[in-house]
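Here is the structure we will look at, set down as structure tokens.
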Amino acid sequence: MSTQAVIDRLTLSVGASTDPEREPVQSDVSNVAPIQILGLDSSTPAREGWGQELVLRNGSLVLSGSGQRPSWAQPAFSKRQELVNLEPGWDSHDAVPVRADSVLAAVSTLFETMASDTETPWIVPTVHGGIQMEWHKSQVDLEIEIKPDRTVSVFYVNEQDGRQLDKPLDTAQVRSLLEEFRK
Amino acid sequence: MSNEPEYVDDQSIGDDEDLWRRLPAYWVKYDYELQTNRVSSQAFQNSPDGTPTSVSISSELNGPEELIEEHPGYGIGSLTAGHSRSCGQGIYRNPRPENPAHAYMFGAKTKGNMRCLARGCEIIVVPSGSP
């Protein structure tokens, strides 16, 4: 089952920080190869369609696509915009800010696994600088965690039939699990 | 010689003791199906440097306000020491000048254990801004 949306281009623009007190995060962004993540040719001109932008501390992440924008794209991006600007210690202890490349990996994962009408996940930051996306319904829990090193793991529990998974991401398997969370 | 403390479960902390965990809004969401607040499993992860999860022994505080008066907007989740132990954790006292009731919830933070902890956690102060 593939999403109806097609990503034409994912571009990253990085600028100099205007805040001399803020620790530069350009290294987070400049080491990321977003085009390689999604297998896109950066020279392909964007077709007419939709776009989303995330403002990072030291640049921006722009996603553009054609086809019908998934209903979950806007709320999911809005949440990421909020999380990507968290300050150190946001949990009142020692949490580190969410890494830009965790956000990129999360975006890629969503477009690879979700249908256009899949429920928007609950998106939470992790203290290590990653992101976790969660879906819950009665007796069923699905969590996809993106770690700061961009590895992705899946945790699934279904108390109705006893199924449980705790393993690295298997895109086809997650697409199947997400069928339970379609509107 | 290792400088790492050896965490030992403190049995003087009874199973029915309530442990409080300070929570930012990002980790709490109202579940309309269950009609209650839900806590993310990520709320029970260890600190980035490997230090165990911080909690406070409620009976040693003068009320929930004491835990969040310096942290406006944060909420509090409560779970019993007994439930924590059933989720593979131990409780280790670690009093601090700013919080004499401070303790560590130590143990393997597997996905299953963290989910277990989250499911046994009741929100007693809802953080402001939680969805």
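The values are calculated or read from the model by the stated rules, or taken from the named source; none is laboratory data. Everything quoted here is computed from the prediction, not taken from an experiment. We place every Cβ from the backbone using ideal geometry, glycine too, and count neighbours over all the protein chains shown. Calculation scope for accessible area: heavy atoms of the full protein, side chains included, ligands and nucleic acids excluded. Shrake-Rupley method; radii C 1.70, N 1.55, O 1.52, S 1.80 Å.
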Practice item. Shielding by partners for A:159-170, please: the mean number of other protein chain Cβ atoms within 10 Å of each residue's Cβ. Key: 1
Review point. Roughly how many Å is it from the Cα centre of the range A:156-183 to that of the range A:65-123, as a whole number?
Key: 19
Check your understanding: Using a 1.4 Å probe, how large is the accessible area of A:K79, given in Å² and rounded to the nearest 10?
Key -> 50
Exercise for review: Round to the nearest 0.05 the FRET efficiency obtained for A:H93 and A:K167 when R0 = 22 Å and r is the Cβ-Cβ distance.
Suggested key: 0.15
Exercise for review: Ignoring everything but the protein chains, give the 1.4 Å probe accessible area of B:F106 in square angstrom, nearest 10.
Suggested key: 40
**Study point:** Heavy atoms of A:V157: accessible area, 1.4 Å probe, square angstrom to 10
**Key:** 10
Review point. Once you measure Cβ to Cβ distances between cysteines in chain B, which Cys have no partner under 4.7 Å?
Key: B:C121
Check your understanding: Where the Cα atoms of the range B:1-98 are projected onto their three principal axes, how long is each span, largest first, in whole Å?
Key -> 50, 29, 29
